[in-house]
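Notes follow once the structure below has been shown.
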């Protein structure tokens, strides 16, 4: 029964991956590329004077509107902590839970083995 459940689970996962891959490959691309590169030096000197109307993708929009939205100079820090703060906190919670669960399982197995050898 256990082998059958394992094979069915792997089949469902494989089917889901193939279906998702074929669906994503048929979708149109959402990023067209940059018409002109971002003037990084000018952006660092005076970020509030950048023209937001010509944003050609998500990266340009983030760079150009970051200071007005978050008042942070570092784009990566502002995205991780301001825009994705709850997501980052959730990922940290999942990591701590997984490590704690693994430690509990391994501790129980070791303590059972020690009890069996003592008898």
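The values are calculated or read from the model by the stated rules, or taken from the named source; none is laboratory data. This is a predicted model, so every value here is computed, not measured. Counting neighbours? That spans all protein chains shown, and the Cβs are built from the backbone with ideal geometry, glycine included.
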Confirm whether residue 116 is modelled with pLDDT under 75, part of a helix (DSSP H, G or I) and out of contact with any strand residue (DSSP E or B) (no Cβ under 6 Å at 6 or more places or on another chain).
yes
Residues of the range 60-82 satisfying the condition of being surrounded by 13 or more Cβ atoms within 10 Å (Cβ to Cβ) and without any contact (Cβ under 8 Å) to a residue 12 or more places away in the chain
72, 80, 81
Report yes if residue 32 is on the phi < 0 side of the Ramachandran plot, surrounded by fewer than 10 Cβ atoms within 10 Å (Cβ to Cβ) and at pLDDT below 70, otherwise no.
yes
